[in-house]
Amino acid sequence: MTDLTRLSAASLAAKIASKEVSAVEVTTAHLDRIAAVDPRVHAFLHVDREGALDAARKVDAGEITGPLAGVPIAVKDVVTTKGVPTTAASKILEGWKPPYDATIVERLKKAGMPILGKTNMDEFAMGSSTEYSAYGATNNPWDLGRIPGGSGGGSAAALAAYEAPLAIGTDTGGSIRQPGAVTGTVGAKPTYGGTSRYGLIAFSSSLDTPGPCGRTVEDTALLHSVMAGYDPRDSTSINQPVPDVIKAAQLGKNGDLSGVKLGVVKEFAGDGSEPGVLSAFKDSLEALVKLGAEIVEVSCPNFQYALPAYYLIAPSEASSNLARFDGVRYGLREGDNGSHSLEEVMSLTREGGFGPEVKRRIIIGTYALSSGYYDAYYGQAQKVRTLITRDFQSAFEQVDVLVSPTTPFVAFPFGSRTSDPYQMYLADLFTIPTNLYGGPAISVPCGLSEGLPVGFQIMAPTMADDRMYRVAAALESAVGSFTPPEL
Amino acid sequence: MTYEEILTKYEPVVGLETHVELGTRTKMFCGCKTDFGAEPNTQTCPVCLALPGALPVMNRAAIAATIQIGLALNCDIAEWCRMARKNYFYPDMPKNFQTSQYDEPLCVEGYVDVVVDGKEYRIGIERVHIEEDTGKTLHVGGATGRIHGATESLVDYNRAGIPLVEIVTKPVPGLGSLAPEIAKAYVAELRDIVRALGVSDVRMEQGSMRCDVNTSLNLPGEEWGTRTETKNVNSLRSVERAVRSEIIRQAAILDDGGKIFQETRHFQETTGDTRSGRSKETATDYRYFPEPDLVPIAPAPEWVAELKAALPEKPSVKRARLREDWGISEVDMQSVANAGAVELIEETIAAGSSAAGARKWWMGELARRANELDVDLAAVGATPAQVAALQKLVDAGKLNDKLARQVLEGVVAGEGDPAEVMASRGLEVVNDTGALTKAVDEAIAANPEIAAKIRDGKVAAAGALVGAVMKTTRGQADAKAVRDLLLERLGVS
């Protein structure tokens, strides 16, 4: 019998629809796989076996049909799931069971997708390695001694370890794409406002974007279509039709990119990238040229300021967004033993509940917003953001999409970048500009460097998510997919 | 120094920040109800409890109401503005930031004209902005209901997220000794304006309108002094008292060569003075920044024009109209307005009273009573319907003036409607001629000498006998009827 966990979401959906296999069988296969390998991978913080099987039974009973009905999915632990623990990988939310579903979770449920469980991440999505999870890091299925990327390392590792055919991620500065790149999986950050943030525990409100993760471009597009679309509960949601990403992925699969102009960002060339990453990127460009694409070098002079601007805007918003975790209404409460004042209880709760990277960013953000510093830091960073947006806009007057390596380096060994925060922040050097601009971008596997996966990033104009899927599918068909060693 | 002496030496500068809780059906950023007095925490949801992941969505009705208030205060309406986060930790504020407005308020640069002692004063409005209310903390287990000694603190989030409009005046100099009265007149005018818009019930005693009063003193020709901000000013009378007591307190310090500290003070209803709150030495840095979870507010000019066209009659215009209808002088009308009695009298007339009667009760007996009780007229304990019923009883001859006052006293004391008080206290004009004739005859018999004088034509002496009859009937007779009957019995008429 075929190993159901090795199949794509698209073929699983077809088999379930044709009753060749049941949704319960598919879900059970994945739950069993999780039981078998997750003790070594640690992609999941919580597995909801009963909830997933209940959902699968509904599909088998014919109650729900649809393009992904019965296909199980893993959800990043920063997205609320009604009655199922949601911690954002933080001690401060340990044991918290949300009384409501995020909009995207509602949509998964409506589409008949059993939710296998909640995946590990850097605490509050702050990090690039999952080493900042309060519950221990996730191990990269390609090499268990290396990081799976972050913050969404759990979702990406779950895909690479065949624990789930699809996963939900969130991308604030690269948290979907960089884990995708270092695990050899696909991860898309939709246009900001294209997917609802309602129920996504906020890190940086103006940057956070939920998105789909899969092992193939087509699977990722299918999930994108299920989860995206206007939500009146999110004021920043865009009230426009979702771009037809499925059609675009199918179009790209044919391998014809005639007339498509790819812009290579001059400022990213050789900028701290490992040689293996650069050579995989160059080989991919050549493959795309063979498919008919035209390569144009474009200049985005303000991209060099993206990292510092991001590390002012994101922590500033985070310092405010995370203020609500005070022990008064939910989650951890420390020091409430009659000997501490309310202020002290709040302070002890936050002291004990937040990890080092979260505290670092709260302090940076608090400082950047302080009176007397606001103009120099937060205000200045917002101006840079405008300039970066203009860089994108003028680039897209010349080319259809921009391309770059997803991240400058392949999966690194645990502990190699935690001592210097800046070395960690560099992982998002190429992904951050897109978040500041608000456009969509996708990472697709494009080769190996020293046996580890390299990701290729495609960035598109806002609400032109379909463009990146077309190029990504074409590249995928040209370079093939990459399978990790057996666990 | 007396108050008058202080004001010959110092010049006060007054500014007011007023919060008005809007009467929208739902909260500012979610669909929760806003009913007053509901069971604690029954009008809450993930948004107003700030559960992780919840997001705000703007209430259009609240924006409309804010724009209408701005227009009614002669403000310019911003074409584009944003909400901002005001960050500080407080247990009854679920997000630990208040979604408010900072440097981009929805309405700016307006004014309100008020008349005090026949003179008009223009109060500049700096800004009108929209924000959300906090929850309420209740400290239990202690003797005082305050945080000290309490064993538990309970928070009710029903109020959290109810839309609040903040109306900030410019600092107003040059008011002299009338500063307290003018401050009060401004708040009364503001209340009338907002009430006329129908966007809030503006009841200070329920907290749906709250005032902070800024006061400073300076010597003539010198720079404005350091101001204090007095909070907890919860009635029109308190506005006046708070300004006055702050002027007196600051003058005493300045005269002693002392310095005024910029601080928050709390008005004490019982003593009428202000007390130091938390010092602003550890001034909070609110770290304002534009609210990224909400899109900018850009009211379409057509919408603003629509809202403007729908504005009701201005209270000042309305007062001019009512003055005509009621046939009273401008000064009388102004005192009606400053007493906060315009609507009360209007509603009393609508409930069937004569204009003169309605005004007489509200501006006389009830105003005196409100003053004694130290409450706003609206909170004195009588409703317009009750006052109208009282006046109707007087018109029907069932009550005379003296009895009506006693009935009103019963109404204010909560004994029921006028008819009920009349019945329970046994207060009614004696119209039974049999009983009255008997009382008159007894008075004549008891005072033969006076009776004789009257028979001899000294009608003026009748007063003494009328008084005697009124005494035996405990005031329940109609004095004129008694007099007529007396003269008739003595054969004079």
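Where a number appears in this text, it was derived from the coordinates with a stated rule and is not lab data. The model shown is predicted, which means the values in this text are computed figures rather than measured ones. A quick note on method: Cβ atoms are made from the backbone with ideal geometry, for glycine too, and the neighbour counts reach across all protein chains shown.
Couplings 3J(HN,Hα) for segment A:418-432, derived from phi with the Karplus relation 6.51 cos²θ - 1.76 cosθ + 1.60 (θ = phi - 60°), are 7, 7, 10, x, 5, 4, 5, 4, 4, 4, 9, 3, 8, 8, 4 Hz, where x marks Gly and Pro. Based on the Cβ-Cβ distance of residue B:428 and residue B:471, what FRET efficiency does E = 1/(1 + (r/R0)^6) give at R0 = 22 Å, to the nearest 0.05? Computed FRET efficiency for residue B:428 and residue B:471 comes out at 0.85. Helical content alone sets the calculated 222 nm signal of chain A at -12000 deg cm²/dmol, taking -39,500 (n - 2.57) per DSSP H segment of four or more residues and averaging over every residue.
Helix-only arithmetic for chain B: the sum of -39500 (n - 2.57) across DSSP H runs with n ≥ 4, divided by the residue total, places the mean residue ellipticity at 222 nm at -11500 deg cm²/dmol.
Holding the Cα-Cα limit at 22 Å, pick out from B:27/B:136; A:261/A:383; A:19/A:109; B:318/B:392; A:76/A:247; A:110/B:33 the pairs that are longer than that. Too far apart for the 22 Å limit: A:261/A:383; B:318/B:392; A:76/A:247; A:110/B:33.
Listing A:429, B:373 from the residue with the fewest other Cβ atoms within 10 Å to the one with the most, what is the order?
Numbers: A:429 25, B:373 12.
Listing A:429, B:373 from fewest to most nearby Cβ atoms yields B:373, A:429.
For the peptide B:44-51, the mean number of other protein chain Cβ atoms found within 10 angstrom of a residue's Cβ is 4. Here residue B:371 and residue B:455 are evaluated by their C-beta separation; at R0 = 45 Å the FRET efficiency comes out at 0.40.
Taking θ as phi - 60° and the Karplus parameters 6.51, -1.76 and 1.60, the scalar couplings of segment B:460-468 work out to 4, 6, 4, x, 4, 5, 4, x, 5 Hz in sequence order, x denoting glycine and proline.
For segment A:258-314, the alpha-carbon coordinates run over 41, 26, 18 Å along the three principal axes, in decreasing order.
Between amide H atoms placed 1.01 Å from N, distances below 5 Å from residue B:277 occur with B:264, B:265, B:266, all of them 5 or more places distant or on a separate chain. Counting only the Cα atoms, segment B:314-425 fills a convex hull of 94 Å³ per residue.
Applying the criteria of a DSSP loop state and at most 16 other Cβ atoms within 10 Å to the chymotrypsin sites (Phe, Trp or Tyr not before Pro) of segment B:206-313 yields B:224, B:261.
Its residue count N sets the reference 2.2 N^0.38 Å, and the alpha-carbon radius of gyration of the protein assembly as shown equals 1.25 times that reference. Amide H contacts of residue B:132: B:99, B:164, each under 5 Å away and 5 or more positions distant or on a separate chain (H built 1.01 Å from N in the peptide plane; Pro and chain starts excluded).
Dipole of the protein assembly as shown, Cα-centred, from +1 at each Lys and Arg C-beta and -1 at each Asp and Glu C-beta, to the nearest 20 debye? Magnitude of the dipole: close to 960 debye.
Just to confirm the filter: which GluC sites (Glu not before Pro) across segment A:15-57 are DSSP coil and have at most 12 other Cβ within 10 angstrom of their Cβ? Sparse-neighbourhood loop GluC sites (Glu not before Pro): A:20.
What is the average number of partner chain Cβ atoms found within 10 Å of a Cβ in A:253-266? It would help to have the intermediate numbers written out before the result.
Values: counts 0, 0, 0, 0, 0, 0, 0, 0, 0, 0, 0, 0, 0, 0.
Shielding by partners across A:253-266 averages 0.
With neighbours defined as other Cβ atoms within 10 Å of a residue's Cβ, the residues B:26, B:169, B:42, A:220 order from fewest to most as B:42, B:26, B:169, A:220.
Stretching the chain fully between residue B:435 and residue B:406 yields a gain of 8.2 nm (0.36 nm per residue, less the alpha carbon separation). Couplings 3J(HN,Hα) of segment A:46-55, computed from phi: 8, 10, 10, 4, 5, x, 5, 5, 4, 5 Hz, in residue order, whole Hz [Karplus 6.51 cos²θ - 1.76 cosθ + 1.60, θ = phi - 60°; x for Gly and Pro]. Put simply, the amide H of residue B:203, placed in the peptide plane, has neighbours under 5 Å in B:208, B:209, leaving out anything fewer than 5 places away on its chain.
One Cα centroid belongs to segment B:254-333, the other to segment A:459-487; the line between them spans 58 Å. Between segment A:375-417 and segment A:202-266, what's the alpha-carbon centroid distance in Å? Each part reduced to its Cα centre gives a spacing of 18 Å. Ranked by the mean number of other Cβ atoms within 10 Å of their residues, highest first, the peptides B:180-190, A:151-161, B:130-140 come out as A:151-161, B:180-190, B:130-140. Among beta bridges from DSSP that stay inside segment A:30-146, the antiparallel ones total about 55%.
Does segment B:170-294 come out rounded, prolate or oblate, given a ≥ b ≥ c as the square roots of the eigenvalues of its C-alpha gyration tensor, rounded meaning a/c under 1.5 and, failing that, prolate meaning a/b above b/c?
Because a/c hits 1.5 or more and a/b fails to exceed b/c, segment B:170-294 counts as oblate.
Pull out a ≥ b ≥ c, the square roots of the eigenvalues of the alpha-carbon gyration tensor of segment B:433-489, then state rounded if a/c is under 1.5, prolate if not and a/b is larger than b/c, and oblate in the remaining case. Taking the square roots of the gyration eigenvalues as a ≥ b ≥ c, segment B:433-489 is prolate. For segment B:336-412 versus segment B:84-152, the inter-centroid distance based on Cα atoms is 34 Å.
Taken along the Cα-to-beta-carbon direction at a fixed 7 Å, the label points for residue B:321 and residue B:379 span 3.0 nm. Compared with the direct C-alpha span, the chain from residue B:484 to residue B:226 gains 86.0 nm at full extension, assuming 0.36 nm per residue. For segment A:428-487, the average shadow cast by the Cα convex hull is 5.0 nm², which is a quarter of the hull's surface. Length gained on full extension, residue A:61 to residue A:367, computed as 0.36 nm times the residue gap minus the Cα-Cα distance: 104.6 nm.
Largest first and in whole Å, give the semi-axes of chain A's equivalent ellipsoid, each being the square root of 5 times a Cα gyration tensor eigenvalue.
Details: eigenvalues 193, 170, 82 Å².
For chain A, the ellipsoid semi-axes come out as 31, 29, 20 Å.
Please report B:231, B:119 as a ranked list, fewest other C-beta atoms within 10 angstrom at the top and most at the bottom.
B:119, B:231
Set the Förster distance to 56 Å, then compute FRET efficiency between residue B:269 and residue B:354 from the Cβ-Cβ distance, nearest 0.05. Step by step, r from the Cβ atoms, then E = 0.95.
Among the cysteines of chain B, those whose beta-carbon sits 4.7 Å or more from every other cysteine beta-carbon are B:30, B:32, B:45, B:48, B:81, B:211.
Residues with beta-carbon under 12 Å from that of residue A:261, excluding residue A:261: net charge, scoring Lys, Arg +1 and Asp, Glu -1?
Working: positive: A:467; negative: A:294, A:297, A:397, A:400.
Summing Lys and Arg as +1 and Asp and Glu as -1 gives -3.
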